[in-house]
Every structure is written in C-alpha cells, then in structure tokens.
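These notes are about the structure you will find just below.
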Amino acid sequence: MSKPVCAVIGVGPGNGVSFAKKFSDEGYDVAICSRNIDFLNKISSEISNTYPFKYDVSGIEDHEKVFSEIKSQLGQVEVVVYNAGAGQFAGIDNATVESFQSAWEVNARGLFSAAKAVIPGMREKGNGNIVVIGATASLRGNVNTLPFASAKAAQRSLAQSLGKTLGPENIHVSYVIVDGVIGLESTKEHMPDKPDDYFMDPDHIAESVYFLTQQEKSAWTFELDLRPFGEKW
C-alpha cells in the first residue's frame, strides 16, 4: 500500500524542516520544496522518506511542473503545507515597488498558483488538506511592515476564500498565525538576553500543523494562532 504524500513548500532551517520530519515520522512520503536544492538534498539525506524538488514559488511556470513531478514520483499529494514567505520590513518611505511586488508574489500569488496546481488532484481523490503558514501581520499593518503585512493579509483572505469554496468538497484549508520568534540557533545568538522560553520551538509548531490535517470534518479549524506564553497579544 502506498504512503500518503505531503508537500512542504518553502523548506528552510526551522519550521520547514520540522514540518518535513513530523509528516515523515507519521508515515508520509514528503516532497520538500524550495529554491535551494543543495539544502534540500542535505535534509533528504538526514530525514527518511523526504524527497527534494526545486521550486521557486515566485516563478509563473514552476507550479504545474513541480506538482506533476511529485505525482509521478510519489503519488497524488494529499497534504500541502505552504510555508513560503517573504517580505521587507519597511514603511512607505523606505519600501520599494520591487519589495512590495516580491512580497505579494511569494505570499499571495505563490499560494494561489500552488492551490491551482494541487486542487484538481485533491478533488479527484475526494479529500485533501492545505495548511498555510501565516503571521500576525496578516491581521494588522504596522508602520514598518508595509510590504510584508499587506501581502500576508492578502494571503489570509485568499486562504479564507479557498476554505469556503473547498470545504464542501472535503478539502480542509487552514491558516496558522505564527506570532513569535522561531528558536533557531542563529536567532538566539543575535538575542542573547532572551531566555529559551521566549522563542517558539519549530517542532511544537509542526505538532499543531499535523493536528490540523487530522481533524474530523464536523469540527474543522480554519484559523489557529500560535505563540509562546511570553508573547504580548
């Protein structure tokens, strides 16, 4: 019997790696996707049942091609974790048209294109999960988050539209607001005054993401916000 297939889009140190490991541990074959194929090859050699696919979400042509390759090699994707994100932290005086457009290409258009590519297969199968990794900026813009916040707000709205459209077809769309600093070693080195419990553990975030994909249809979550206890909100 073939394993279920999960695609993690936007795999880098931290959350992406933890998502890949969690779904692998739970019995999935995991397509790990990003622009950095060397990093993906390294992760694939360290985590069983993970398979690298070069994928630039800001490109127009990559989406159909990559999901076709995943289906050919692993099978139809049942779970997509959209973890790709980008955005300059700047206000109107320092932001550029290019940085504004780039944030939207990755966060909003990238999700749109990935969804367009994967939904037909989920409809054919009669079920699926799309989990979008968002941010508190999706709920409110701040003075120095103009490109990032506007793109994340668009992403959240897109996820809502997808959820309302696809829910009746047994495809669960959920949005995870990550409100905190991820506990990477490099981050901790730059914030040496912060205790360990100030940071968010990527493995704990991955537990919550996996949980969303296992929910019964009568009690689906659309939006889940995650934060360490010390984060102000």
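The values are calculated or read from the model by the stated rules, or taken from the named source; none is laboratory data. Since this is a predicted model, take the numbers as computed values, not measurements. Glycine gets a Cβ as well: all are built from the backbone with ideal geometry, and neighbour counts include every protein chain shown.
Condition first: within 24 Å of Tyr210 (Cα to Cα), surrounded by fewer than 20 Cβ atoms within 10 Å (Cβ to Cβ) and at pLDDT 95 or above. Can you find one or more residues in the stretch 127-143 that meet it?
yes
Would you mention how many residues in the stretch 34-70 are surrounded by 14 or more Cβ atoms within 10 Å (Cβ to Cβ), under 20 Å from Ile119 (Cβ atoms) and either of a type in the set (A, V, I, L, M, F, W, C) or touching a residue at least 60 places away in the same chain (Cβ under 8 Å) (or both)?
5
When you go through Ala154, Ala159 one by one, which is the residue that is out of contact with any strand residue (DSSP E or B) (no Cβ under 8 Å at 6 or more places or on another chain) and hydrophobic (A, V, I, L, M, F, W, C)?
Residue meeting the stated conditions: Ala154.
Out of all the residues in the stretch 95-112, which are touching a residue at least 24 places away in the same chain (Cβ under 8 Å) and not aromatic (Phe, Trp, Tyr)?
Across the stretch 95-112, the qualifying residues are Ala95, Ser99, Ser102, Ala103, Glu105, Val106, Asn107, Ala108, Arg109, Gly110, Leu111.
Determine, yes or no, whether Ala108 is in contact with an Asp or Glu (Cβ under 9 Å, 6 or more places away or on another chain), more than 26 Å from Lys232 (Cβ to Cβ), assigned to a helix (DSSP H, G or I) and of a type in the set (A, V, I, L, M).
Answer is no for this residue.
Which of the residues that make up the stretch 163-178 are touching a Lys or Arg at 6+ places or on another chain (Cβ under 7 Å) and under 18 Å from Phe19 (Cβ atoms)?
Scanning the stretch 163-178 gives a single hit, Tyr175.
Please specify each residue of the stretch 89-105 satisfying the condition of being assigned to a loop (DSSP other than H, G, I, E, B) and polar (S, T, N, Q).
Asn94, Thr96, listed by residue number.
Filter the stretch 173-187 for residues that are of a type in the set (D, E, K, R) and either closer than 23 Å to Val80 by Cβ or touching a residue at least 24 places away in the same chain (Cβ under 8 Å) (or both) and give the result.
Asp179
Give me the residue from the stretch 184-231 that is acidic (Asp, Glu) and in a loop (DSSP other than H, G, I, E, B) and, out of that set, modelled with the highest pLDDT.
Glu216
Report, by residue number, each residue of the stretch 38-91 that is farther than 23 Å from Ser208 by Cα and among the charged types (D, E, K, R).
Asp38, Lys42, Lys54, Asp56, Glu61, Asp62, Glu64, Lys65, Glu69, Lys71
Consider the stretch 1-23. How many of its residues are within 15 Å of Glu78 (Cα to Cα), surrounded by 19 or more Cβ atoms within 10 Å (Cβ to Cβ) and small (Gly, Ala, Ser)?
Going through the stretch 1-23 one residue at a time, the tally reaches 2.
Of the residues that sit in the stretch 164-181 and are within 19 Å of Thr136 (Cβ to Cβ) and either more than 15 Å from the chain's Cα centre (by Cα) or of a type in the set (D, E, K, R) (or both), which one is surrounded by the most Cβ atoms within 10 Å (Cβ to Cβ)?
Gly180
Which one is farthest from Glu26 (Cα to Cα) among residues in the stretch 202-230 that are hydrophobic (A, V, I, L, M, F, W, C) and out of contact with any Ser or Thr (no Cβ under 8 Å at 6 or more places or on another chain)?
Phe229
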